[in-house]
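The values are calculated or read from the model by the stated rules, or taken from the named source; none is laboratory data. The structure presented is a predicted model; accordingly, all values stated were derived computationally and were not measured. Methodologically, a virtual Cβ is constructed for each residue, glycine included, from the backbone with ideal geometry; neighbour enumeration extends over all protein chains shown. With ligands, DNA and RNA removed, areas are computed over all heavy atoms of the protein, side chains included. Shrake-Rupley method; radii C 1.70, N 1.55, O 1.52, S 1.80 Å.
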Amino acid sequence: MTRPPPVAARRRLYLAALVILLAACRGPAAPPTPASPSPPAPTPPDRPPPLVQEGLPPAAGQSAASYLPLAIQNYANCAYGKGQTGGTLTGQPAVWQPLTLTFDGPAVADTAAVNPFLDYRLNVQFVAPSGRVIDVPGYFGGGAAWLAHFAADEPGQWRYCASFRLGPAVAVSDDPAAGTPIAFDGAAGAFTVAPADPAAPDFFRWGRLEYVGGHYLKFRDGPYWLKGGTNSPENFLGYAGFANTVDQGGLIDGFLHTYAPHAADARPDDPVVAPGDAAGIIGALNYLGERHVNSIYFLPMNLGGDGDDTYPYLSPDDPTRFDTAKLAQWGVVLEHAQRQGIALPVVLNEVEEDNRRRLDGGALGVQRRLFYREMVARFAHLPAVKWNLSEEAAFTPDDLRAFAAYLAALDWAGHPITAHNAAGAADALYGGLLGDSLFSATALQYAAEDAGALAETWRERSATAGRPWVVDLDENNPAGVGLTPDNAGQLRKSILYDAYFSGAAGVEWYLGYHELPTGGDPNLEDFRTREAMWDYMWYARRLLEGLPFAAMTPADDLLRGESAAFGGGEVLALAGQVYAVYLPEAQPAGALAVPAGAYRQQWYDPRTGELAAAADVTATADGLPLGAPPHTPGGDWVVLVWGAGGAGATATPAAYP
């Protein structure tokens, strides 16, 4: 076994590392800095301290040298591993593109007594061109392959150094020095990252989808985001074409997805998911992307739950050993989803007792820590991920905080974290989490008639608590019905526009329980059965994405005299600039209480996505009568009213997935 150098030698190497890092981190035009560097930047207020602290980008005028103590702390061992061969980098070296570092390490059997998933630990520390240090967990890929996934958020030269250690349960230890350095520990290298590829799919051009302190998520280098997704099937990954995927006794005995109706949606340039036939699941994602469905809710581990067919393990009975072949297949499929513009709410637990207590009896122990680590190592490099701690969370607030703190410490990318509530229990779950910097979103289960009210309530309550939440409505009740092929028009009026125009940041559709060929949760095979809603949802999103929706707020009290159908109209407004009014029934349309003056008005048909030409209108001291729509006055309509400060919408608002 290789032993570390003696203390004196380590000190000399540490000083050598200091000199190297001073040269590497100093900008080319910056003069030498003899004074002691400043302390590392504080941890962002919305994240707990990570296992290895991550710096923030330098503020304007701040030297990257301020990150040197942190860099030296993490990189001191790199001098010890100076003679080690660096990893092999694969992927497109451009900002936001997935990159993989592969190290040739000890060849270990998946079932070896010294567990390659638990008793070895690979962390790779990346130094950005700005000097930030990012600690990324790696994983065992099978055989002699040890890998780390990453996505760079800055162009320029990046440096890395691997920490590879062996010891009992070292993978879940909080101590960076736990275990013994072995093999390629200290392997280091550098690579150059180009700016973001302007021809890349949107998510890989816009960057990471992040919480930015308001009620909507935003892509780092792109727009604010409105979610319009599917909440079913929650066992999306319970797919017959994946390795070692066997039904363990779910609600439908022996059932696994094939998504056979979507095999025809596969394309010649689709990624290869080997071994096995992935045409069905890849085709399903192609179809959803084409219909602008931009989110799919799924569980990576549902043992003991409704589906009982999705698990990342070699055996359902051993949660400390992962199936490397299956997880590699999942990785290809989930990256493909992102390339189709589909975000990934990853749901880490079910409510059913056997699932909830399957890892560590429901506590934060070795098994749960290892599960979280593997999920982060495998998928955190993808740009649009949201961690959902549990479906219908029955854990205590303290448990949820402990889970979230550990997950956030692992997740170098800082993806949003939430939990999903049981029906009628939103306050019981979220009331105890308000204002907590670990949580940034809801995943509300709700009754149809409560959609808009819940969105407004949790926007207001979270903002009052000092941390405005992204309010997502993720499961519509009644559960036995959900969204069907026949009720899309009804739900468009009772939920879709009510939610969006009440300030909800997203809607996902639960598909109920139905026999095939309709299907639902957990047996949906053909997403086309709900195509009417996919289109309605896209029309709603496309309209709002042509407006400054992230700056608009619910303002229903501005509307009076409208039809009371479906609870009356909804108003989303940016005062003085633009007012968006949804009328579930446009006869009468009522009047909008805006200051007297000249405005421009447009009608939008939520059934077809057609936007009428703008007309000049005038408000008096009594407000602005909205008048009659172009046709079908008994139907639902949107009215856009533009003030002098508004730009006016176009007939075809700019589209993105």
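Looking at Leu382, Leu400, Leu344 in this structure, which one is assigned to a helix (DSSP H, G or I), modelled with pLDDT of 95 or more and open to solvent by less than 10 Å² (accessible area, probe 1.4 Å)? Talk me through it step by step, then tell me what you get.
On the way: Leu382 fails: assigned to a helix (DSSP H, G or I); Leu344 fails: assigned to a helix (DSSP H, G or I).
One residue alone meets the criteria, Leu400.
Name the single residue, out of those in the range 421-460 being assigned to a helix (DSSP H, G or I) and among the acidic types (Asp, Glu), that is nearest to Ala402 (Cα to Cα). First the steps, then the outcome.
Of all residues in the range 421-460, those assigned to a helix (DSSP H, G or I) come to 426-430, 448-460.
Checking the rest, the ones that are also among the acidic types (Asp, Glu) come to 427, 449-450, 456, 460.
Numbers: Asp427: 20, Glu449: 34, Asp450: 31, Glu456: 28, Glu460: 26 Å.
The qualifying residue nearest to Ala402 (Cα to Cα) is Asp427.
Go through (1) open to solvent by less than 10 Å² (accessible area, probe 1.4 Å); (2) out of contact with any strand residue (DSSP E or B) (no Cβ under 6 Å at 6 or more places or on another chain) one by one and return the number of the condition Asn294 breaks.
If we test Asn294 against (1) open to solvent by less than 10 Å² (accessible area, probe 1.4 Å); (2) out of contact with any strand residue (DSSP E or B) (no Cβ under 6 Å at 6 or more places or on another chain), just (2) comes out false.
Kindly list the number of the only condition in (1) free of Cβ contacts under 8 Å to residues at least 24 places away in the same chain; (2) touching a helix residue (DSSP H, G or I) at 6+ places or on another chain (Cβ under 6 Å); (3) open to solvent by less than 20 Å² (accessible area, probe 1.4 Å) that fails for Ala266.
(3)
Could you count how many residues in the range 286-309 are among the hydroxyl-bearing types (Ser, Thr, Tyr) and part of a loop (DSSP other than H, G, I, E, B)? Quick ask: steps written out before the conclusion?
Residues of the range 286-309 among the hydroxyl-bearing types (Ser, Thr, Tyr): 287, 295, 297.
When the remaining residues are screened for being part of a loop (DSSP other than H, G, I, E, B), the result is 297.
Total meeting the criteria: 1.
Could you say which residue among Gly229, Gly241, Gly289, Gly249 is open to solvent by 10 Å² or more (accessible area, probe 1.4 Å) and under 25 Å from Ala443 (Cα atoms)?
Details: Gly229 fails: open to solvent by 10 Å² or more (accessible area, probe 1.4 Å); Gly241 fails: under 25 Å from Ala443 (Cα atoms); Gly249 fails: under 25 Å from Ala443 (Cα atoms).
After applying the criteria, what remains is Gly289.
Could you list all residues from the range 363-377 that are free of Cβ contacts under 8 Å to residues at least 60 places away in the same chain, open to solvent by less than 10 Å² (accessible area, probe 1.4 Å) and not basic (Lys, Arg)?
Just the residues of the range 363-377 that are free of Cβ contacts under 8 Å to residues at least 60 places away in the same chain, to begin with: 363-365, 367-368, 372.
Okay, now just the ones that are also open to solvent by less than 10 Å² (accessible area, probe 1.4 Å), so 368, 372.
Passing the criteria: only Tyr372.
Could you please find all residues in the range 416-435 being touching a residue at least 60 places away in the same chain (Cβ under 8 Å) and open to solvent by 10 Å² or more (accessible area, probe 1.4 Å)?
Across the range 416-435, the qualifying residue is only Ala422.
Residue-wise test of (1) in a helix (DSSP H, G or I); (2) open to solvent by 20 Å² or more (accessible area, probe 1.4 Å); (3) over 30 Å from Asp253 (Cβ atoms).
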| site | (1), (2), (3) |
| --- | --- |
| Asn523 | no, no, no |
| Arg528 | yes, yes, no |
| Asp535 | yes, yes, yes |
| Leu547 | no, no, yes |
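Which of the residues spanning the range 148-164 are out of contact with any helix residue (DSSP H, G or I) (no Cβ under 8 Å at 6 or more places or on another chain) and either open to solvent by 10 Å² or more (accessible area, probe 1.4 Å) or in a strand (DSSP E or B) (or both)?
Phe150, Asp153, Glu154, Pro155, Gly156, Gln157, Trp158, Tyr160, Ala162, Phe164
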